[in-house]
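Read the structure below first, then the notes.
Rule-based calculations on the coordinates, nothing more; no lab input. Predicted model, so just to flag it, every value in this text is computed and none were measured. Cβ placement follows ideal geometry from the backbone for every residue including glycine, while neighbour counts extend to all protein chains displayed.
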């Protein structure tokens, strides 16, 4: 026993009684010295406090204590209880005699209860093997690993096995094994050569497939060895290298039926495991497995060693000359038990309906980014995608998809309704990527559900990147313990390093196969005694220093660096500024990425070359493994001098455009594309163009304006690309209504006669764009060119009269306001047209009226190029266009024609003139109207009900005009009477100039009687005559009537009584009177007022039945008039009475003395009334 001091998490020193038992084992093997590795082992049992990663200080005094306690330790060597624990541990190597490339099985059996945390074997300095615990039902905890003997010299070697428990105590063992000379291997191989003398059938367990065919037999032609539900059929067999390749599946020919075993397990439709084994040492055995017609580059063969996969080569065999592999063969270098996995690299994609029922296989559509799109996946439907490897929460899914509207793609595990994540805002064709952060366990198959508008897929990417753990370690400095915990995927366990001042020893962490890596992540203690860490990467040839600096304590620290290919290991170490501390490394991971290469770009010809602008075009011909940015360099020579901004995220075969401005007319420019990814930047080839005045035809706008800031990506409207667009979002129930805001496009002034646009239109969806509104600014004035429906994403051309145009504006309309969607405008162009002959000074003036019959027609023509013109005059007075005059080959000037068909009054006549110089033609349409002598008519709509009590009142009129000129206005007239007998004069109540014809009438004369009529006028100044009487009438009464209950004579009643009232109204008359009463049993406390009925005619009376019985009653009345005015309730009762229907009682008191002698006599009675 000795006392050791330890520092706790707050810096306090604690005394810890620690028992240290030392077991020294020394064994010298009788082998050549160069093959023997001699090592002393000891068991150390130490008590440490685990305070969440707090470093433990080991005082230098431990050394002194160790020396002082040597006598005690010597006793421990003799009598330590560890001896009994160690004796119960069994260590074996099998076989102990091996050849190069053989597999050694290292096995350790430990009694349960010792708390073993790791077992590691040093194979004589030739490699380190980390053993893994096996699941078994024995009394021991068995740890096991396989190790392939490398190419080494024959002789004896010593394996050193270290067994570590949870408290950092360790047991050490040595086992000897020998490598035999090659001659023995050849002899064994010769003796084991397969012949056709003995046939055997390979037995398989119940969860594996089997075959009834015999060994060495060639199957008949009509036997189908491929299972219908799997790409990898369970057909595998072995043969010696010298044997024929025709030996059949799952069968082999050997010297003894006990020599071989082969089992094959289907892991899924694209993944199977093949295990071959023999108790006899065979080498260079050829294994075969059937493949169901797959490209050679999609097949991967992995040798599984100690739980890790190493890809190995194979030969693909095409048996039916269809350029697809039907069988693979590979060499098994030696046999004890060897396991291989065959994986078909594939993405299987199926279109499922909303109930996840199969509709179609779309795998071929989404296997590559080739602009080959899948069929639409509608709202609620799924794409079920199966990846080559299982994905976890470190992975992502990348898709290339598109939607005509706004969609979301929800990600679920196969057949699950639990949402993992979602791709939001799927719109135009582009790349979308989502992390699977919320994925709780690994999955290979996912269901992608469409939510919203239909989605089409071009490519679904099988991810190959992710965090990977080391598979082994090396500790060249022997300063680390429990090293395997660095890659046990548990941040609660750790490898421990004992510190001293300065840089300390590396812990090397190895991978089973090389990867492409550009970052690592570390979960470690840091701070205090450790101020720096160092990370190096080994790229299969040399160590490269990648990081020297700080990390964050006890959390994941991700360290990025320049990428390396063929990374097979990393090493990590601490720098201490104080000694006597233990530091803990919990986890270390590599990032396995995809190797990047330089991208490549193609420079295309410039388009839309204008006086001061041009559009430069390019393409990412190779993205090098990740999305690229792009830009253009341009200038007067190949030194360029001007760069557009880096933009975009483009992948292979995607195009891009950039418009450049502020160029000089007539100047030549050189330009080229640049593309870049993380690996580097590449220049495309050089091209050139010369600015010029645009020729006739379609011209791209050169700028835009979004004054309301409701649009985005407006530059896409004029990028010469119908795959990109500007967009503006219409929110559900948008307070701005169903029209979008305008977006404006501009160009320098040009002569223009038409425009065109390409936009999202009628799609058939519940929420869709159903109209567009297009205006142009011609001659400085906005002119409406188009408003209406249009086809979805097709060019729509709209013509107009030629003029100088420099701007256009567009807006779009959604069919319902309660739906959300994007308006999308892809492209807009102006048409630059040749100056055409102009037509001016038309006479009669266009849209004029009142023109005399048979007028002379006049126009002035002007052809800018001075060539003679021919003028054609036509009219449609007969119902179709008829030519009525020609002026042939005339020069610029004013010309006349007459037409006798323009001969009727009250008629609108259309005429047109076409002017042509043989190259360009201009046609203008006009109309005029002859005199209109027809008077319009109108009538005030009947007013109901007659009596009105509120003001103002809306009064309406109907009006019509059968003449051509149309209604101009309608005037309302009224008159008033106070008694409905004598009337005032008619007065105007106002003029309405637009339909619907209506007035707000305020009863300006107050209560009384009103009558109305209307007078209409047309645009030819015709006015209707005043009618002989009113069109409509009404009364206005806003004064309430009055009433009161008449006094009730004889207060007390003993029968139902008639109650009467008087009522009066000064104008509209009393319509009804309601009687109200209330009751009291004691004439002191009263109940509420209750209606006793409504009387609708004189005399106002009610038969009152005293429904509350005997007691006291009070009454009032409320009158209403025909204008619905009602009087207010009075402050008290109008009248009152009592009701008593119980007779009183009385009796004469007894008379004392019957006989009386005098008169009068006083007689007394008693009386009562209830």
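Could you give the semi-axes, largest first, of the ellipsoid that matches the stretch 466-592, computed as the square roots of 5 times the alpha carbon gyration tensor eigenvalues and rounded to whole Å?
Three semi-axes, in Å: 22, 15, 14.
Students often check this: by mean Cβ neighbours within 10 Å, which of 876-886, 561-571, 532-542 ranks highest, and how do the rest follow?
Put in order of decreasing packing, that is 561-571, 532-542, 876-886.
Report the paramagnetic label zone for residue 734: residues of the stretch 694-724 whose backbone N is under 18 Å from a point 7 Å from Cα along the Cα-to-Cβ axis.
Zone members listed by number: 705-715, 717.
What do you get when you divide the Cα radius of gyration of the stretch 958-1098 by 2.2 N^0.38 Å, with N the number of residues?
My calculation over the Cα atoms of the stretch 958-1098 gives 1.80.
Roughly speaking, what is the stretch gain from residue 379 to residue 840, that is 0.36 nm per residue apart minus the C-alpha to C-alpha distance, in nm to one decimal?
Working it through step by step, the gained length comes to 160.2 nm.
According to a simple spin-label model (label point 7 Å from Cα along Cα-to-Cβ), what is the distance in nm between residue 1157 and residue 667?
Inter-label distance under the simple model: 16.4 nm.
With no solvent and one point per C-alpha, what does the Debye sum give as log10 I(q)/I(0) for the stretch 794-924 at q = 0.18, 0.22 Å⁻¹?
-1.01, -1.29
If you average 1/r over every pair of different alpha-carbon atoms in the stretch 422-474 and take one over that average, what Kirkwood value in Å do you get?
The answer is 14.5 Å.
If you project the alpha carbons of the stretch 770-829 onto the principal axes, what extent comes out on each, in Å, largest first?
Over the stretch 770-829, Cα extents along the principal axes are 39, 21, 16 Å.
Taking a label point 7 Å from the Cα of residue 461 along the Cα→Cβ vector, which residues of the stretch 594-631 have an amide N closer than 15 Å to it?
Residues passing the 15 Å test: 594-597, 599, 622-629.
If neighbour count is taken as other Cβ atoms inside 10 Å, put 546, 652 in order from fewest to most.
652, 546
Could you tell me whether the stretch 348-461 comes out rounded, prolate or oblate from its Cα gyration tensor? Rule is a ≥ b ≥ c as square roots of the eigenvalues, rounded for a/c under 1.5, then prolate if a/b exceeds b/c, otherwise oblate.
In terms of gyration-tensor shape, rounded.
Using the number of other C-beta atoms within 10 angstrom as an exposure proxy, rank 326, 1037 with the fewest first.
Ranked by crowding around the Cβ, least crowded first: 326, 1037.
Going by C-beta contacts inside 10 Å, put 925, 143 in order with the fewest on the left.
Ordered from fewest to most neighbouring Cβ atoms within 10 Å, 925, 143 come out as 925, 143.
Name all residues of the stretch 1013-1054 having a backbone nitrogen under 20 Å from the label point set 7 Å from the Cα of residue 982 along its Cα→Cβ direction, giving them as ranges.
Answer for this model: 1036.
Want the number for residue 783 to residue 437: 0.36 nm per residue separation, take away the alpha-carbon distance, what's left?
Result: 119.1 nm gained on full extension.
Could you grab the relative contact order for the stretch 756-829? Cα pairs under 8 Å, six or more apart, rounded to a whole percent.
For the stretch 756-829, the relative contact order is 45 percent.
With labels modelled as points extended 7 Å from the Cα through the Cβ direction, what inter-label distance (nm, one decimal) is found for residue 721 paired with residue 748?
Label-label distance for residue 721 and residue 748, simple model: 2.6 nm.
Give me the percent of Cα-Cα pairs in the stretch 1042-1139 that sit more than 17 Å apart, rounded to a whole number.
Result for the distance tail: 48 percent.
Starting from one equal scatterer on each C-alpha and no solvent at all, send me the Debye-based log10 I(q)/I(0) for the stretch 635-692 at q = 0.12, 0.14, 0.26, 0.27 Å⁻¹, two decimals.
Calculated log10 I(q)/I(0) at the listed q: -0.34, -0.46, -1.27, -1.33.
So for the stretch 868-962, Kirkwood radius off the Cα pairs, Stokes-Einstein at 25 °C and 0.890 mPa s: how many µm² s⁻¹?
D = 138 µm²/s.
To the nearest µm²/s, what D does Stokes-Einstein give for the stretch 698-832 at 25 °C and 0.890 mPa s, using the Kirkwood radius over alpha carbon pairs as Rh?
166 µm²/s
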